[in-house]
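Student: Pasting a structure here, questions to come.
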Amino acid sequence: MSNVSTTVLGADEIILNMGPQHPSTHGVLRVKLKLDGERVVGSECIIGYLHRGVEKIAEHRSYQQFAPYVDRMDYVAAVSNGLGYCEAVEKLLGTEAPPRARVVRTILTELQRIASHLLWLGTHALDIGALTPVFYCFREREEILKIFEKYCGARLTTHAFRIGGLQYETYDGFEQEVKRFCDDFSRRIDEYETLLTENRIWVGRTKGVGILTAEDAIAMGVTGPVLRASGVQWDLRRAQPYAAYDQYKFEIPTRTTGDTYDRYVVRMEEMRQSRLICLQAIENIPAGPIMARIGKVLKPPPGEVYHSIEAPKGELGYYIVSDGTTQPYRVRVRPPSFINLQAFDKMARGALIADVVAIIGTIDIVLGEVDR
Amino acid sequence: MKKQFGEAVREASLDRKQAIILIAVEHLREISRYCRDHEKFDMLIDLTAVDWPKREKRFDVVLNLYSFPKNERLRLKAHASENEPVSSVCEIWPVANWLERECYDMFGIVFEGHPDLKRILMPDEWQGYPLRKDYDILKQDTDWVRENLGIESGQ
C-alpha cells in the first residue's frame, strides 16, 4: 500500500495536502498527495476527524435507544441505515416485520436511494465544474424530503423505522404523492442527462478517469455502484433479498470500464430502477399490522448476527453480538464508504491533480460513515 | 475443511442460518488462503474483533467472507490473547489493510505482516484502545479535568 513518506522524495516530487477543509472532499477528509509535477504518484487518506465512537456508544444503549444513532452515520441516507439496523436486530430476535411494514420500508428506502444519488450527482457535477445540475437535483430531492417529513416529521435524520416494523401508519395521500413524484421524476432524469451525458466537458473530465478493474474492486472489497460500474453484476437486493425486494422486478445496471463516467451512468440508471420499484410497490401495499409483536423490552437470545443491505453507497452491514441482556454486547458497522474509500489510492495513481476531485466525488463517500 | 486442517479447525456451527467456523489463530493465514482459493470466498466483507475480557484469550477476531460464485457467506473466528500477534491477511485480501488498522486502533490487536500498522480513526498520540471493554468512557474525561483544571470532575 501507499505510504506517503515525507522524507523520501524524488528530485521533482512534492507533497500536497488536500483538506480536511477542502470543499470538494465532501466533509473532513484529508488527502496527502505525492506529486510529480501534475501527476499523482502516491496518496494517503487521513480520516477520523468525524469519529464519534458510534460502536462504543452502542454498548451503552439499549437496542431501541441505539437506533437513532445509526441515522447519523450516512446522514444523507438515514433511512437505509435504519433499515439495516432494524432488520439486523429483528434477525437477532428471530422475528420479522409484517408484510405491510416491509413494503413501506422498501418504498421509503428506494426514495432515499434516489435522494442520496441526487445529492451525489449535484455535488459531483459541481466539483467538476458543472454548476447547473445541483439546483435541479436539490429541487427533486426536496420533494422526497417532504414525503419523509410528512411521514415521520424529520427530513434528514429520520429514524423512520422501528425494530419490528414501523411506528407510524402512512399518511393520507402517501401513495398519490409518491406516484406524483415518480411520474414527474422520469422526465427529470432525462433532463439531467441532457445537461451531462453528452456534454463534451463532462465526458472529457470523466471518461478514463479513475479506472478500477473488476479484479481490483473485488480485492479491495468495493461494493455498490462502484463495483457495478466495473462490470460485476451484483446487488444485494437481488443476491440476498431483504425487506420486500423479492416481489419486484428491476434491473441491475452495469458497465464495463469502471471509470468515473461509467459510475455516473450506473447511478443514473439506478435512479430509474428505484423509481420503477417505488411505482410497483405503491400499486399494492398489503393491509395489516405494521408492527410485529416483540414486546417493549428487547432481550435477544445470546448469539450473533451479520445482516447487510444494499445501501446507496454499497453493502452496509451490521454485525451484532448479544449476550442476552437489553444492551448489545458489540455492534460493528460495516461501512461502505470507509471500505470504498480505500480504493481511492488505486484510482488516483497516475491521475492529474484536477482529477483527484473527480475521483473523490465518484466514490460517493460520506465522512460521517467513514469515521463513524 | 476439517479433513484438510484437522485440529486447526476447532468448531463449525450454525447460528440463525449463518455458517461460523472457529479456527486456531496460528492457522488464520493458511485457512484464509484456502477459503479464497478453494472455497471461492473471493471477497473479505469485514474484519473486526469482539472483546471478552474474562476469557483467557480475550479477543475474537472475526472475518466475514462472501463468495460471488456461490452467493454464500462464511464467518471465520479465531481466539487471540492480548499480546498474541495475529497474522495479517492483507496479502490475501488487500481490503484488510484498513480493516486491520481499525482493529488495531480500537482493540490493540497487532497484525503481523501488515505493511503499515498504525492508528486510523483515533489521533496518533491516543492512549488506550477505545473498544476494549475495560476502556471506561468517563475515566478519560475525569482524568483530563483533574490534570488540566485541578478539580474533581462532576461526571
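All of the numbers you see were taken from the coordinates with simple rules; none came from a lab. Model, not experiment: these values are computed from the prediction. Positions of Cβ are backbone-derived with ideal geometry, glycine not excepted, and every protein chain shown enters the neighbour counts.
Student: Quick one: A:ASP12, B:ASP105, A:ASP127, A:ASP364, fewest Cβ neighbours within 10 Å first, how do they rank?
Tutor: Lowest count first: A:ASP12, A:ASP127, B:ASP105, A:ASP364.
Student: Using the beta-carbon distance between B:GLU72 and B:ASP15 and R0 = 22 Å, what value does 1/(1 + (r/R0)^6) give for FRET efficiency, to the nearest 0.05?
Tutor: The formula returns an efficiency of 0.90 here.
Student: Along each of the three principal axes of the Cα atoms of the range B:37-95, give the extent in whole Å, ordering the values from largest to smallest.
Tutor: On the principal axes, the range B:37-95 reaches 39, 21, 17 Å in Cα extent.
Student: May I ask what percent, to the nearest 5, of DSSP beta bridges between residues of the protein assembly as shown are antiparallel?
Tutor: Around 90 percent of the beta bridges assigned by DSSP in the protein assembly as shown are antiparallel ones.
Student: How are the Cα pair distances of the range A:84-179 distributed, in percent, across 10 Å bins from 0?
Tutor: 15, 40, 28, 14, 3
Student: Before anything else, pin down the relative contact order of chain A: Cα pairs under 8 Å, at least 6 apart, normalised by residue count, whole percent.
Tutor: Relative contact order for chain A comes out at 26 percent.
Student: In Å and whole numbers, how far do the C-alpha atoms of the range B:2-125 stretch along each principal axis, longest first?
Tutor: Sorted from largest, the Cα extents of the range B:2-125 read 44, 31, 26 Å.
Student: May I pose another question? For the pair B:LYS57 and A:ALA239, how long in nm is the line joining their label points, each one 7 Å along Cα→Cβ?
Tutor: Here the modelled spin labels are 3.0 nm apart.
Student: Taking the DSSP beta bridges in chain B as the whole, what percent of them are antiparallel, to the nearest 5?
Tutor: If we restrict to bridges inside chain B, about 80 percent are antiparallel.
Student: Which value in nm describes the separation of the simple spin-label points at A:THR256 and A:THR326, placed 7 Å from the Cα toward the beta carbon?
Tutor: Going from the A:THR256 label point to the A:THR326 one covers 5.9 nm.
Student: Okay, next question. For each of A:VAL370, B:VAL61, count neighbouring Cβ atoms within 10 Å of the residue's Cβ, then give the residues from fewest to most.
Tutor: Fewest-to-most Cβ neighbours within 10 Å comes out as B:VAL61, A:VAL370.
Student: Suppose R0 equals 56 Å. What FRET efficiency, 1/(1 + (r/R0)^6) with r the Cβ-Cβ distance, do A:LEU195 and B:LYS40 give to the nearest 0.05?
Tutor: 0.85
Student: Report the calculated FRET efficiency for B:LYS139 and A:LEU156 (r = Cβ-Cβ distance, R0 = 41 Å), to the nearest 0.05.
Tutor: 0.75
Student: What is the distance, in nm, between label points placed 7 Å from the Cα along the Cα-to-Cβ direction at A:ALA287 and at A:THR132?
Tutor: Output for this residue pair reads 4.9 nm.
Student: Distance between Cα centroids, the range B:82-155 to the range A:258-297: provide it in whole Å.
Tutor: Each part's Cα centre sits 37 Å from the other's.
Student: Would you list, by chain and number, the lysines whose Cα falls below 18 Å from the Cα of B:LYS118, excluding same-chain residues fewer than 8 positions away?
Tutor: Counting by Cα, and skipping residues close in sequence, B:LYS118 has these lysines nearby: A:LYS32.
Student: Mind pulling up the Rg/Rh value for the range A:58-116? Radius of gyration and Kirkwood radius, both on Cα.
Tutor: 0.99
Student: Below 14 Å, Cα to Cα, which aspartates and glutamates can A:LYS91 reach? Residues fewer than 8 away in the same chain don't count.
Tutor: A:GLU304, B:ASP15
Student: In chain A, with Lys and Arg counted as +1 and Asp and Glu as -1 at Cβ, which of these residues, A:MET347, A:LEU83, A:GLN167, has the Cα nearest the positive end of the dipole, that is, farthest along it?
Tutor: Result: A:GLN167.
Student: Any chance you could tell me what percent of the C-alpha pair distances in the range A:288-328 go past 11 Å?
Tutor: For the range A:288-328, the share of Cα pairs beyond 11 Å comes to 72 percent.
Student: Pick out, in residue order, every one of the trypsin sites (Lys or Arg not before Pro) in the range B:3-91 that is DSSP loop and has at most 10 other C-beta atoms within 10 Å; say none if there are none.
Tutor: Passing sites in the range B:3-91 are B:LYS17, B:LYS54.
Student: Here's a follow-up. Indicate the gyration tensor shape class of the protein assembly as shown (rounded, prolate or oblate), computed on the Cα atoms with a ≥ b ≥ c the square roots of the eigenvalues: a/c under 1.5 is rounded; otherwise a/b larger than b/c is prolate and the rest oblate.
Tutor: Since a/c stays below 1.5, the shape of the protein assembly as shown is classed as rounded.
Student: A further question on this structure: Just to confirm my numbers, what's the Cα centroid distance between the range A:22-55 and the range A:160-221 in Å?
Tutor: About 25 Å separates the Cα centre of the range A:22-55 from the one of the range A:160-221.
Student: Classify the range A:243-368: rounded, prolate or oblate, from the alpha-carbon gyration tensor (a ≥ b ≥ c, eigenvalue square roots; a/c under 1.5 rounded; otherwise prolate if a/b is larger than b/c)?
Tutor: Oblate, since a/c reaches 1.5 and b/c is not below a/b.
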